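The values are calculated or read from the model by the stated rules, or taken from the named source; none is laboratory data. For clarity, every value in this text was computed on a predicted model and none was experimentally measured. Positions of Cβ are backbone-derived with ideal geometry, glycine not excepted, and every protein chain shown enters the neighbour counts.
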């Protein structure tokens, strides 16, 4: 299954451009957090997405910074993916 994840920082921003790109990449299900900073761990849709991922699934993001705002945070996410495989 191909999953997508989109995130915008403020509620007045729109994630439609990200969702459109993710659909073009063939994502069948897209999770979106609106008004959520990458620096916060309170990203409920991202947590739902992680729970759905199974071996063989793929996760696509519009830009790498949608997964996290810091290199450390990104490394933690990638370590989680590595443990799943």
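Working only within the range 50-72, note down all residues that are part of a helix (DSSP H, G or I), surrounded by fewer than 12 Cβ atoms within 10 Å (Cβ to Cβ) and out of contact with any helix residue (DSSP H, G or I) (no Cβ under 8 Å at 6 or more places or on another chain).
Filtering the range 50-72 for residues part of a helix (DSSP H, G or I) gives 50-52, 64-66, 71-72.
Then keep just the ones that are surrounded by fewer than 12 Cβ atoms within 10 Å (Cβ to Cβ); that gives 51, 64, 71-72.
Hits for the range 50-72 are 51, 71, 72.
For residue 83, only one of the following conditions fails: (1) surrounded by 10 or more Cβ atoms within 10 Å (Cβ to Cβ); (2) assigned to a helix (DSSP H, G or I). What is its number?
Unmet for residue 83, out of (1) surrounded by 10 or more Cβ atoms within 10 Å (Cβ to Cβ); (2) assigned to a helix (DSSP H, G or I): (1).
Taking interchain pairs and intrachain pairs at least six residues apart, which have beta carbon atoms under 7 angstrom, with the first residue in the range 68-85 and closer than 11 Å to residue 50 by Cβ and the second part of a loop (DSSP other than H, G, I, E, B)?
77/67; 77/68; 84/53; 84/55
Looking only at the range 22-31, decide whether some residue is in contact with a strand residue (DSSP E or B) (Cβ under 6 Å, 6 or more places away or on another chain), surrounded by 12 or more Cβ atoms within 10 Å (Cβ to Cβ), part of a helix (DSSP H, G or I) and modelled with pLDDT of 95 or more.
Yes: the range 22-31 contains one or more residues that are in contact with a strand residue (DSSP E or B) (Cβ under 6 Å, 6 or more places away or on another chain), surrounded by 12 or more Cβ atoms within 10 Å (Cβ to Cβ), part of a helix (DSSP H, G or I) and modelled with pLDDT of 95 or more.
Would you point out the residue of the range 32-41, among those that are at pLDDT 80 or above and farther than 23 Å from residue 56 by Cα, that is farthest from the chain's Cα centre (by Cα)? I'd like the intermediate steps shown before the answer.
Here is the first cut: in the range 32-41, the ones at pLDDT 80 or above are 32-34.
Add one more test, that the residue is farther than 23 Å from residue 56 by Cα, and what stays is 33-34.
Working: 33: 8, 34: 12 Å.
Top of the filtered list is 34.
List the residue pairs whose Cβ atoms are under 6 Å apart, where the first residue sits in the range 44-65 and is at negative phi and touching a residue at least 12 places away in the same chain (Cβ under 8 Å), the second is in a loop (DSSP other than H, G, I, E, B) and surrounded by 12 or more Cβ atoms within 10 Å (Cβ to Cβ), and the two are 6 or more positions apart or on different chains.
57/1; 60/25; 60/27; 61/67
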